[in-house]
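Student: Just passing along the structure, written as structure tokens.
The values are calculated or read from the model by the stated rules, or taken from the named source; none is laboratory data. Because the structure is a prediction, the values reported are computed rather than measured. Positions of Cβ are generated from backbone atoms using ideal geometry, with glycine treated the same way; all protein chains shown enter the neighbour counts. Calculation scope for accessible area: heavy atoms of the full protein, side chains included, ligands and nucleic acids excluded. Shrake-Rupley method; radii C 1.70, N 1.55, O 1.52, S 1.80 Å.
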Amino acid sequence: MKRAFAVIGLGRFGGSICRELTELGMDVMVIDKSEEKVNEYANLVSHAVVGNAVDETVLKSLGIRNFDHVIVAIGEDIQASILTTLMLKELGVKNITVKAQNDYHEKVLSKIGADAVVHPERDMGKRIAHNIVSNNVLDY
Ligand code: ATP
């Protein structure tokens with residue numbers, strides 16, 4: 001079944017999620033405050049919007065609560081990431097995944113009800129360390 005995703009923030013992480021979801025045949029809407037970023041993805045996705053995710057009217061007008069899953073991939077602006085997550089939660093979005101910048105950010109996101117919090121650099125570091133160790137074990 002084709003599910004509807006919204007990706008907020010088109011940095012390396014958000015951009016990569018967006019590309020993969022599209023490849024998997026999902027319906028993807030992207031939102032970024034940078035017009036340049038949005039133009040980069042406009043041909044790839046079903047709906048590309050230039051807008052500030054911290055603005056509740058923007059989120060409401062896009063019918064964000066009807067999406068199956070929203071990914072908040074705003075990185076450096078921790079305040080914007082937290083506020084956006086809070087508003088998505090208040091608007092009744094069922095599944096929210098958020099990228100955390102650090103452990104404090106992660107803690108706040110979990111407290112306000114993010115369904116999943118990812119910390120790509122740390123998570124990938126862990127995964128690679130495990131892979132390295134298990135490959136070494138297999139070598140013996
Ligand atoms: P990455 O490591 O994934 O490249 P990053 O952690 O450096 O990303 P940023 O570059 O700070 O993250 O933000 C990712 C994207 O989010 C940027 O394209 C930026 O324009 C967008 N963004 C930041 N704040 C907002 C906002 N309030 N509303 C919409 N988009 C935003």
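Student: Just give me the residues in the stretch 18-44 being under 21 Å from Leu86 (Cβ atoms) and open to solvent by 40 Å² or more (accessible area, probe 1.4 Å), in sequence order.
Tutor: Scanning the stretch 18-44 gives a single hit, Lys33.
Student: Separate question: List every residue pair whose Cβ atoms sit under 6 Å apart, with the two residues 6 or more apart in sequence or on different chains, where the first one lies in the stretch 107-119 and is closer than 16 Å to Gln79 by Cβ and the second, anywhere, is aliphatic (A, V, I, L, M) and open to solvent by 20 Å² or more (accessible area, probe 1.4 Å).
Tutor: Val108/Ile82; Leu109/Val117; Ile112/Leu86
Student: List the residue pairs whose Cβ atoms are under 8 Å apart, where the first residue sits in the stretch 62-81 and is within 16 Å of Glu106 (Cβ to Cβ) and of a type outside the set (A, V, I, L, M), the second is part of a loop (DSSP other than H, G, I, E, B) and open to solvent by 40 Å² or more (accessible area, probe 1.4 Å), and the two are 6 or more positions apart or on different chains.
Tutor: The qualifying pairs are Gly75/Gln101; Glu76/Gln101; Ser81/Gln101.
Student: Which of the residues that make up the stretch 45-81 are within 23 Å of Val118 (Cβ to Cβ), open to solvent by less than 80 Å² (accessible area, probe 1.4 Å) and out of contact with any strand residue (DSSP E or B) (no Cβ under 8 Å at 6 or more places or on another chain)?
Tutor: Within the stretch 45-81, Val54, Leu59, Asp77, Ile78, Ala80 qualify.
Student: Another question about this same structure. Please work out which residue is farthest from Ser16 (Cα to Cα), limiting yourself to the stretch 93-108 and to residues that are more than 14 Å from the ligand (Cβ to nearest atom) and open to solvent by less than 30 Å² (accessible area, probe 1.4 Å).
Tutor: Checking each candidate, the answer is Val93.
Student: Would you check if there is a residue in the stretch 123-138 being within 30 Å of Lys2 (Cβ to Cβ) and touching a helix residue (DSSP H, G or I) at 6+ places or on another chain (Cβ under 6 Å)? Don't jump to the end; show me each part of the working.
Tutor: Step one: filter the stretch 123-138 for residues within 30 Å of Lys2 (Cβ to Cβ), giving 123-124, 127.
Subsequent filtering for residues that are touching a helix residue (DSSP H, G or I) at 6+ places or on another chain (Cβ under 6 Å) retains none.
Within the stretch 123-138, not a single residue is within 30 Å of Lys2 (Cβ to Cβ) and touching a helix residue (DSSP H, G or I) at 6+ places or on another chain (Cβ under 6 Å).
Student: Sort through Asn52, Asn66, Asn136 and tell me the only one that's within 29 Å of Glu35 (Cα to Cα) and away from the ligand (no atom under 13 Å from the Cβ). Quick ask: steps written out before the conclusion?
Tutor: On the way: Asn52 fails: away from the ligand (no atom under 13 Å from the Cβ); Asn136 fails: within 29 Å of Glu35 (Cα to Cα).
Result of the check over Asn52, Asn66, Asn136: Asn66.
Student: Hey, can you tell me all the residues within the stretch 82-92 that are open to solvent by 10 Å² or more (accessible area, probe 1.4 Å) and not small (Gly, Ala, Ser)?
Tutor: Ile82, Leu83, Leu86, Met87, Lys89, Glu90, Leu91
Student: Give me the pairs: first residue in the stretch 46-57 and touching a residue at least 40 places away in the same chain (Cβ under 8 Å) and under 23 Å from Leu21 (Cβ atoms), second residue in a helix (DSSP H, G or I) and near the ligand (Cβ under 6 Å from one of its atoms), beta-carbon distance under 9 Å, and six or more apart or on different chains, which are they?
Tutor: Final answer for the pair search is Ala53/Ala80.
Student: Quick check, is Asn135 assigned to a helix (DSSP H, G or I), over 14 Å from the mean Cα position of the chain (by Cα) and modelled with pLDDT under 95?
Tutor: In short, yes.
Student: So which of Ser34, Ser46 ends up being at pLDDT below 95, more than 13 Å from the chain's Cα centre (by Cα) and either within 14 Å of Ala6 (Cβ to Cβ) or among the small types (Gly, Ala, Ser) (or both)?
Tutor: Ser46
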